[in-house]
Amino acid sequence: MSASADVPAAPPAPPVARQVFGDALPSAERYVARLATDGVTRGLIGPREVPRLWERHVLNSAAVAEAVPEGARVVDVGSGAGLPGIPLALARPDLRIALVEPMARRVEFLEEVVTELGAPWRVVRGRAEERSVRTAVGPVDVVTARAVAALPRLASWCRGLMRPGTLLVALVGARAVEELPALVPELEAAGMRDVHARAVGAELGDAATTVVVMTRGQR
């Protein structure tokens, strides 16, 4: 896990990270170190992202916690390098987390991180729309995603994981928020209700972000 000359060193944790992660901050620091080394060499994180891992990726992902109910069963789809699932899990130990990812090399990375941190999170290889994944993860209260697909496609993929009342919480950029009103009819046609954008992480400065939240309806 040592950094090579071509890989920038992991950045130090900003002061706000203690507020977000509390006693789990050492685990968050180890995760960031993994992202800055193995994450880069395995092509999961671009080397230019290393200096801003905390603000742009880890704290940004942890901000999702504001939209997740206490004690929820959470599935992070298309988890990739563990974003937003792992920072969310570290910030909210009350949650039960499953990380779903189809690509073998990413699954291997996730399993290594889970083992290294001694965490109770499950790693499931597969795609959100696959029956085997639905069977593996069981009942779900919240589905999270970051940069997986356009919102209508994401909702379609995740619908099978969701029962009536399950939330889908997607980390999105400014463009997706601007486009959201035009997408609502398509999302509602996919069975989603109460579709809205929500700002989260205001106290995190540059790590503040926006999520789109929707609920699966009765059909």
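The values are calculated or read from the model by the stated rules, or taken from the named source; none is laboratory data. Since we're looking at a predicted model, the values are computed, not measured. Please note: Cβ atoms are built from the backbone with ideal geometry, for glycine as well, and neighbour counts cover all protein chains shown.
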Practice item. Hey, can you tell me all the residues within segment 8-23 that are crowded, with 20+ Cβ neighbours inside 10 Å and not aromatic (Phe, Trp, Tyr)? Key: 10, 17, 20
Practice item. Pick out the one residue from 210, 215 that is under 19 Å from residue 65 (Cα atoms), at pLDDT below 95 and hydroxyl-bearing (Ser, Thr, Tyr). Key: 210
Check your understanding: Just one of 68, 100 is within 15 Å of residue 147 (Cβ to Cβ), within 14 Å of the chain's Cα centre (by Cα) and not hydroxyl-bearing (Ser, Thr, Tyr); which is it?
Key -> 100
Review point. Taking residue 140, is it among the β-branched types (Val, Ile, Thr), under 16 Å from the mean Cα position of the chain (by Cα) and on the phi < 0 side of the Ramachandran plot?
Key: yes
Study note, to complete from the structure: The condition from (1) out of contact with any Asp or Glu (no Cβ under 8 Å at 6 or more places or on another chain); (2) touching a residue at least 24 places away in the same chain (Cβ under 8 Å) that residue 78 misses is numbered (1)
Exercise for review: Examine segment 186-209 for a residue that is under 16 Å from the mean Cα position of the chain (by Cα), of a type in the set (Val, Ile, Thr) and assigned to a strand (DSSP E or B), and state whether such a residue exists.
Suggested key: yes
Check your understanding: Is there a residue in segment 172-183 that is within 26 Å of residue 73 (Cβ to Cβ) and surrounded by fewer than 16 Cβ atoms within 10 Å (Cβ to Cβ)?
Key -> no
Review point. Got at least one residue in segment 86-93 being of a type outside the set (Phe, Trp, Tyr), over 19 Å from residue 172 (Cα atoms) and more than 15 Å from the chain's Cα centre (by Cα)?
Key: no
Check your understanding: Are any residues in segment 145-165 part of a helix (DSSP H, G or I), of a type in the set (A, V, I, L, M, F, W, C) and either closer than 27 Å to residue 31 by Cβ or free of Cβ contacts under 8 Å to residues at least 24 places away in the same chain (or both), and if so, which ones?
Key -> 154, 157, 158, 161
Practice item. Report yes if residue 49 is in contact with a Lys or Arg (Cβ under 9 Å, 6 or more places away or on another chain) and without any contact (Cβ under 8 Å) to a residue 24 or more places away in the chain, otherwise no. Key: yes
Exercise for review: May I ask you to list the residues in segment 106-132 that are aliphatic (A, V, I, L, M) and under 30 Å from residue 179 (Cα atoms)?
Suggested key: 128
